[in-house]
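The structure appears right after this line, and notes come after that.
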Amino acid sequence: MLFCPPPSNTLAVTIGGMEVSYAPSALGGAFCPDAGRFGDVDTLNPSQRSERMSRIRSENTKPELIVRRLVFSLGYRYRLHQRSLPGCPDLVFPGRRKVVFIHGCFWHQHSDPTCRIAHLPKTKEEFWSNKLGKNVERDHKTNEALKASGWSVLTIWECQTKDVVALAGTIKEFLEPSMGG
C-alpha cells in the first residue's frame with residue numbers, strides 16, 4: 001500500500017508549457033506521484049491506519065444495538081454472545097432454540113446486489129479478497145454447525161437496520177412459533 005500525504009487544495013500540472021490547476025475531487029481523489037494514478041492510495045500512514053482499524057469492534061456495534069433495542073421493544077428477551085455456541089451468536093433465544101447474527105455488510109460480504117456497503121477495496125485487492133472470503137466461509141460453516149445442532153439461524157445485515165419497520169416484521173416472523181408444527 002502506498003502512502004501519500006493528504007492532497008493540497010489544487011494540483012498544478014504543466015501541459016505543453018501551460019500550467020493547469022485541478023481540484024483533487026475533480027480528479028477522483030488524491031494524486032500520488034509514486035503511484036502514478038488518482039484515487040488508489042491510502043491517505044493515512046501505517047500507524048494511523050493501524051490505530052483506526054483497532055477501533056473496529058466485534059460486539060456492541062451500532063447495527064447490533066439497533067437490533068437489540070428493537071427486539072427488546074417487541075417483548076422478546078435474549079442472551080448475548082453465548083460463547084458456548086458455534087460462532088458466538090449476537091443474540092440467543094435458548095427456549096426457542098433460535099439465534100441471530102448481526103453482520104456488517106463489508107466484513108461479511110453481503111451478497112445482495114442492492115447493498116452499497118459490501119464492496120472490495122481497490123487497494124490490496126488480493127489481501128482483502130482472501131480475508132473477507134475466509135469470513136464468508138466461516139459464517140457458512142457456523143450456520144451449518146448450528147443447524148446440525150437443532151438451532152434456527154437468522155442473519156441480519158447492517159443495511160437492513162435502516163428500515164426498522166421491515167426488520168421488525170422479519171424478526172417477529174423468525175421468533176414466532178411456526179404454525180405447521
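Derivation of every value follows stated rules applied to the coordinates shown; laboratory data play no part. Remember, it's a predicted structure, so these values are computed and weren't measured experimentally. Because the Cβ atoms are built from the backbone with ideal geometry, glycine has one as well, and the counts that use them run over all protein chains shown.
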Yeah, the stretch 81-181 with a ≥ b ≥ c from its alpha-carbon gyration tensor (a/c under 1.5 is rounded, else prolate when a/b outruns b/c, oblate otherwise) is oblate
Cα centroids of the stretch 132-177 and the stretch 106-123: how far apart, whole angstrom? 17 Å
Classified through the alpha carbon gyration tensor (a ≥ b ≥ c as square roots of its eigenvalues; rounded if a/c is under 1.5, else prolate when a/b is larger than b/c, else oblate), the stretch 90-143 comes out prolate
Note the full-extension length gain between Asp112 and Lys172 as 0.36 nm times their separation in residues minus their Cα-Cα distance, in nm to one decimal. 19.4 nm
The farthest towards the positive end of the charge dipole of the stretch 62-175, of the residues Val165, His119, Cys88, given +1 on Cβ of Lys and Arg and -1 on Cβ of Asp and Glu, is Cys88
Residue span Leu80 to His140: 0.36 nm per residue of separation minus Cα-Cα distance leaves a gain in nm of 19.5 nm
For Thr123, Thr161, which order do you get if you count the other beta carbons within 10 Å of each Cβ and list the fewest first? Thr123, Thr161
